[in-house]
Ligand SMILES: [Zn+2]
């Protein structure tokens, strides 16, 4: 260009820089010593999609351990060390308190960690936007409902985001990820169909749970979630009395409780309506099996 002869080495360096830059931009990662993609997830239900799609190519650490609530948990120092060596953080992305409160701390541990929002493509609703009882409108204070993963349809979308991120970060193993993803999606679709058939005869029914986690699940199946807890609080005596009336009105005989919460008020209601308390888990690691288990329990509560 300047006529002084040999631009080739300079050009070569420029070309090399461009290709390195492209690799970086496309999120391609160096798998480091473990030789695996080191993944951080927020809650256990995300584990199945990551482990099924990633197979032996991923290693997963969860931030909110079993038995803890993602609404209140803080990471331990040992967990921050896991984050420091992680390749990617798969956030739920729907406003889970743990993520709102701790994302910046997690990022501070590791500048290179790719952060993927798994809720991309999922419609996040406010509590009051689900199929809900009029008397439950007190939930509707413009708060977004973070429990998106409990709809298998949403979970399918989240799995797609995990799949695309793994393909981009580790394109050498594209074939494996694709095969795993297709197989897993087939199982999820079978679950979705199974639930639709199961709940078809119960169109429009109400079910009563302690924690307001099952709104998206209900929306998928045209069921209405009624909840005991309101805005993370136990009901007072008046609220409790109103709930007992409503439960009677809707022929509710089962009160569903989530093991992460103190559910003494559920016992009170169950006793008053001559019903029973049944446990359902919104944070179990084995997703498909757990959702099927919950569905069977909720369907069982509808009687004939
Ligand atoms: Zn919750």
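Only the coordinates and a few stated rules stand behind these numbers; no lab work does. Note that the coordinates shown come from a computational prediction; the quantities given were computed from them, not determined experimentally. Neighbour counts run over all protein chains shown; Cβ positions are idealised from the backbone, glycine included.
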*Tilt relative to the chain, helix 237-249 - C-alpha long axis, 0 to 90 degrees, to 10*: 80
_Suppose only helical runs count, i.e. DSSP H with n ≥ 4. What mean residue ellipticity at 222 nm does that imply for the chain under -39500 (n - 2.57) per run, divided by all residues and rounded to the nearest 500 deg cm²/dmol?_
-14500 deg cm²/dmol
*Once the principal axes of the Cα atoms of the chain are found, what is the range along each, listed largest first in whole angstroms?*
92, 38, 34
*Considering only 166, 103, 282, give the residue with the highest GNM mean-square fluctuation for the chain, with springs between Cα atoms whenever their separation is below 10 Å.*
103
_FRET efficiency estimate (nearest 0.05) - Cβ-Cβ, residue 179 to residue 84, R0 35 angstrom_ = 0.65
*With each pseudo-label sitting 7 Å past Cα toward Cβ, what's the residue 197-residue 250 distance in nm, one decimal?*
2.7
*Separation of alpha-carbon centers, segment 48-93 and segment 146-165, rounded to whole Å*: 16
*Report the residue, chosen from 91, 169, 198, that carries the largest GNM mean-square fluctuation when the chain is represented by alpha-carbon nodes joined by springs under 10 Å.*
198
_Cα-based helix-to-principal-axis angle, 152-169 vs the chain, degrees rounded to 10_ = 10
*Going by how many other Cβ atoms sit within 10 Å of their own, how do 66, 227 line up, fewest first?*
66, 227
*Calculate, in nm to one decimal, what residue 126 and residue 279 gain on full extension: separation in residues at 0.36 nm each, minus their alpha carbon distance.*
52.6 nm
*Nearest 10 degrees, 0 to 90: what angle lies between the long axis of helix 8-25 and the longest principal axis of the chain (Cα atoms)?*
10
*What is the order of 172, 87, 38, fewest Cβ neighbours within 10 Å to most?*
172, 38, 87
*asked:* Cut-off 17 Å, label point 7 angstrom out along Cα-to-Cβ of residue 157: give me the residues of segment 219-233 whose amide nitrogen falls inside.
replied: 219-222
